[in-house]
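The values are calculated or read from the model by the stated rules, or taken from the named source; none is laboratory data. This is a predicted model, so every value here is computed, not measured. No Cβ is skipped: glycine too gets one built from the backbone with ideal geometry, and neighbour counts run over all protein chains shown.
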There are 2 protein chains.
Amino acid sequence: MSDIQYHLPEGFLFTTVEAAVKKPGRKDIAIIYSTVSAVASGVFTSNVVKAAPVLLDMQRIKGGKGRAIVANSGNANACTGKRGFKDAQKMSLAASIMLECPETEVFVASTGVIGAPLPIDRMFSIISAVKTIGDSTLLDAARAIMTTDSFPKIASAQINIGGKTATIAAIAKGAGMICPNMATMLCFVLTDAAITKDALDEALIAANDNSFNRITVDGDMSTNDTVLVLANGLAANKPISSGTKAFNMFKNALSDVLMSLAEMIVKDGEGATKVMKVLVKGAQSVDDATIFARAVANSLLVKTAVYGCDANWGRVIAACGRAGVDFDPYAVDIFFGSVRVVKNGLTTNKDAEAAQQLKAGTVTITINFRLGKASAQVLSCDLTEEYIKINADYRT
Amino acid sequence: MSDIQYHLPEGFLFTTVEAAVKKPGRKDIAIIYSTVSAVASGVFTSNVVKAAPVLLDMQRIKGGKGRAIVANSGNANACTGKRGFKDAQKMSLAASIMLECPETEVFVASTGVIGAPLPIDRMFSIISAVKTIGDSTLLDAARAIMTTDSFPKIASAQINIGGKTATIAAIAKGAGMICPNMATMLCFVLTDAAITKDALDEALIAANDNSFNRITVDGDMSTNDTVLVLANGLAANKPISSGTKAFNMFKNALSDVLMSLAEMIVKDGEGATKVMKVLVKGAQSVDDATIFARAVANSLLVKTAVYGCDANWGRVIAACGRAGVDFDPYAVDIFFGSVRVVKNGLTTNKDAEAAQQLKAGTVTITINFRLGKASAQVLSCDLTEEYIKINADYRT
């Protein structure tokens, strides 16, 4: 993967270290540092059960400023009570000592097993003793936060704002327990664009909603989902504010970056052999369209049929039928790829032809309800024996 | 399976025939006949997409009377439009010709592949040409309606009403696509109890809600789910009416019979190696308790952990956390079998001991939220590679 190309924004430095959080043998801590204080924004899991680092970050994000992110893989520091919260604070303290920056501007993220305490004393010693920042790359950081991921996930984009080039680069981890809203998923977005806090928050919410909230692997939602953005302004553009042309450019670029990462996460879905795009058209509202798309995208029977290259549209329409939104089954059209398998709710007798479409690496299932004009798309993947193996043996 | 014991109510006769609905080689049509007209009650799928036989039965059940049930496996007659509805009518007509009874008192059920038309001409000829009713047993009928089931499902109970013995016997099919509410599931209940239509409806709704609506295999819901009851009164008891002691006896016996069948369905869950009971206690309402229990019972991560004998309570509490009902994570206790793995939201460090409990054929996961006094239980099963194999290859 050494040939992965990406643009890097100005003023961000990285280091990765081994702390044997779960077991020795790999760098499992990533530290991201902005040479100047950055505007910070974040979105977090909506699970009632929130991991300690999420609770800490949710407090700190209110300050609107960020200087660093310290993240570990191997242990989620979730369901760890008061001790877990103190451990998250200690992680940030260690990074603030190492980086000589305010502890309140350090964000923390953890991913891995739930319910076990962090080996915080070892982590604290190792992090606070780091002598150099900048000896690793953003790609190294992407590798350090991987758990069941099979490849590091990185994406970037550049925009021109009044003659100044601003860069957005982001890394993510996530392969399982992926579900709306968001995923077990960490994503760190770094940009040198100058932007106001309000505009950054607005852009992040929109971009997240169009990307990570539109993917699903297994319907489960994590306790640790976190997307953090640091915008340090070193591109020296005129600060972007909401409602401007520059804002739309920034928001669209951010959406593209997050969508690229979201697609990588689905592609890397545990055990997945193919990406499944569920596109719902002709719904009465975007909410309805999303409900239908998620029901299909999460259906085990649809996911296994896609895996088996079976154009089993009966499972698709049955999943829609239990989604909780009314419709006329005999107005529905269903396509697998470009082949219409159902017209007005009845078979077109093209299942064999449609099955060929299911051999592709990305399969699109389109459902048109002919009720209205709203549409929505959800990305998912097929369900395979390998998913079972990975998740039956995860902790052993 | 010839040593299966069951009680049979008076006045019911059976026949099974081969019509090669999907392919030749087995008896795939069951006909159940009451020698006298019976009080009839039914509950049906809440899927928006309802199969033709369901639509027909929903009309006929309003008449409150039933004489016969004709059911086929191999084809669901779902998503088959006007033709499908006519085909369901033809099935009932064939049975009414054979049995010399009113067509409006014949109920129809189908299970199998969605979207393909029934081979109705062959079915009509074969059914209407049957010369003898009574040459098969109720167990033969249970076998004829099997699809991916690995064993026939039959249960019975007897009650004494004022010195008269009334018998309830029922058969069911279902192994996949099992989900609240109900399952891909056909269930035919036969009883010689005398009971009013209102009382029978009330008893069936209660018994169904306590049994079939409390099981899940894969979160999918079928287009064909049907529970039909015929009560022919030949036990000659004083007709049971609502609110009486006899009514409660009948309702409880019916619940027991349906619960036995529900447990068999879960045990026979496609690819399942063990039954998973999710018991939620201490919720603020039964609705909340049921929401939590279903979220855990349907979680792929929990189901794979149970398969892998991993007491991964983090997945259990994370599933609760995304169920949509608020709670305090640090008030929660979780048990695997008799081993408390979580106390007040924190690990008791007994995961290894708890993993031993997961080696049993039936695993109970108990979650106490300590919010109130309501409880609910949902039955499910583990998720295995075999489920994927069965459902990836179902139509091939």
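When you look at residue A:150, is it in a loop (DSSP other than H, G, I, E, B), small (Gly, Ala, Ser) and more than 18 Å from residue A:77 (Cβ to Cβ), yes or no? So residue A:150 fits the description; yes.
Checked against (1) more than 21 Å from residue A:208 (Cα to Cα); (2) touching a Lys or Arg at 6+ places or on another chain (Cβ under 9 Å), residue A:45 meets all criteria but (1). Scanning segment B:289-317 for residues that are under 21 Å from the mean Cα position of the chain (by Cα) and at the interface with chain A (Cβ under 8 Å from one of its Cβ atoms) turns up B:298, B:299. Right, residue A:109: in a loop (DSSP other than H, G, I, E, B) and under 21 Å from the mean Cα position of the chain (by Cα) or not? The answer is no for residue A:109. Condition (residue is part of a loop (DSSP other than H, G, I, E, B) and free of Cβ contacts under 8 Å to residues at least 24 places away in the same chain) applied to segment A:215-224: is it met by at least one residue? No - not one qualifying residue is present in segment A:215-224. Taken over segment B:1-34, the criterion of being closer than 26 Å to residue B:231 by Cα, in contact with a helix residue (DSSP H, G or I) (Cβ under 8 Å, 6 or more places away or on another chain), of a type in the set (A, V, I, L, M) and at pLDDT 95 or above is satisfied by B:8, B:17, B:29, B:30, B:31, B:32. The one condition from (1) more than 14 Å from every other protein chain (Cβ to nearest Cβ); (2) in contact with a strand residue (DSSP E or B) (Cβ under 7 Å, 6 or more places away or on another chain); (3) outside any strand (DSSP E or B) that residue B:98 does not meet is (2). Considering B:114, B:126, which residue is over 26 Å from the mean Cα position of the chain (by Cα), among the aliphatic types (A, V, I, L, M) and crowded, with 16+ Cβ neighbours inside 10 Å? Matching residue, one of B:114, B:126: B:126. Reported count of residues in segment A:343-370, each being over 18 Å from residue A:303 (Cβ atoms), among the hydrophobic types (A, V, I, L, M, F, W, C) and either part of a helix (DSSP H, G or I) or away from chain B (no Cβ under 12 Å) (or both), is 1.
Of all residues in segment B:11-50, those being within 24 Å of residue B:194 (Cα to Cα) and assigned to a loop (DSSP other than H, G, I, E, B) number 1.
Within segment A:198-232, the set of residues being surrounded by fewer than 22 Cβ atoms within 10 Å (Cβ to Cβ) and more than 22 Å from residue A:173 (Cβ to Cβ) comprises A:198, A:201, A:202, A:206. Of A:133, A:205, which residue is in the same structural domain as residue A:253 (by TED's automatic domain parsing) and in contact with a helix residue (DSSP H, G or I) (Cβ under 7 Å, 6 or more places away or on another chain)? A:133 is the lone residue from the list that is in the same structural domain as residue A:253 (by TED's automatic domain parsing) and in contact with a helix residue (DSSP H, G or I) (Cβ under 7 Å, 6 or more places away or on another chain). With respect to the conditions (1) in a loop (DSSP other than H, G, I, E, B); (2) more than 24 Å from residue B:311 (Cα to Cα); (3) of a type in the set (S, T, N, Q); (4) in contact with a Leu (Cβ under 8 Å, 6 or more places away or on another chain), residue A:77 lacks only one, and its number is (2). Under the condition of being at pLDDT below 95 and assigned to a helix (DSSP H, G or I), the residues counted in segment B:176-204 number 0. Taking the criterion of being assigned to a helix (DSSP H, G or I), in contact with a strand residue (DSSP E or B) (Cβ under 9 Å, 6 or more places away or on another chain) and without any contact (Cβ under 8 Å) to a residue 40 or more places away in the chain, would at least one residue in segment B:57-71 satisfy it? Yes, segment B:57-71 contains a residue that is assigned to a helix (DSSP H, G or I), in contact with a strand residue (DSSP E or B) (Cβ under 9 Å, 6 or more places away or on another chain) and without any contact (Cβ under 8 Å) to a residue 40 or more places away in the chain. Of all residues in segment B:321-339, those that are more than 13 Å from residue B:359 (Cβ to Cβ) and more than 7 Å from chain A (Cβ to nearest Cβ) total 10. Of everything listed in (1) farther than 20 Å from residue A:282 by Cα; (2) more than 12 Å from chain B (Cβ to nearest Cβ), the single unmet condition for residue A:391 is (2).
Scan segment A:275-286 and give yes if some residue there is farther than 17 Å from residue A:381 by Cα, of a type in the set (A, V, I, L, M, F, W, C) and either within 12 Å of chain B (Cβ to nearest Cβ) or in contact with a strand residue (DSSP E or B) (Cβ under 8 Å, 6 or more places away or on another chain) (or both), otherwise no. Looking for residues that are farther than 17 Å from residue A:381 by Cα, of a type in the set (A, V, I, L, M, F, W, C) and either within 12 Å of chain B (Cβ to nearest Cβ) or in contact with a strand residue (DSSP E or B) (Cβ under 8 Å, 6 or more places away or on another chain) (or both), one finds at least one in segment A:275-286, hence yes.
Within segment A:234-243, being in contact (Cβ under 8 Å) with a residue 12 or more places away in the chain and either surrounded by fewer than 17 Cβ atoms within 10 Å (Cβ to Cβ) or of a type in the set (Lys, Arg) (or both) holds for A:236, A:238, A:239, A:241, A:242. Picking from residues in segment B:51-73 that are within 14 Å of chain A (Cβ to nearest Cβ) and within 20 Å of residue B:146 (Cα to Cα), the one that is nearest to the chain's Cα centre (by Cα) is B:54.
Here is a yes/no grid of residues against (1) modelled with pLDDT under 95; (2) under 18 Å from residue B:19 (Cα atoms):
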| position | (1), (2) |
| --- | --- |
| B:93 | no, yes |
| B:106 | no, no |
| B:142 | no, yes |
| B:149 | yes, no |
| B:159 | no, no |
| B:167 | no, no |
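Considering A:213, A:232, the condition of being on the phi < 0 side of the Ramachandran plot, of a type outside the set (Asp, Glu) and within 14 Å of chain B (Cβ to nearest Cβ) is satisfied by A:213 alone. The listed residues are B:384, B:348, B:366, and the only one of them that is under 16 Å from residue B:332 (Cα atoms), under 27 Å from the mean Cα position of the chain (by Cα) and in the same structural domain as residue B:332 (by TED's automatic domain parsing) turns out to be B:366.
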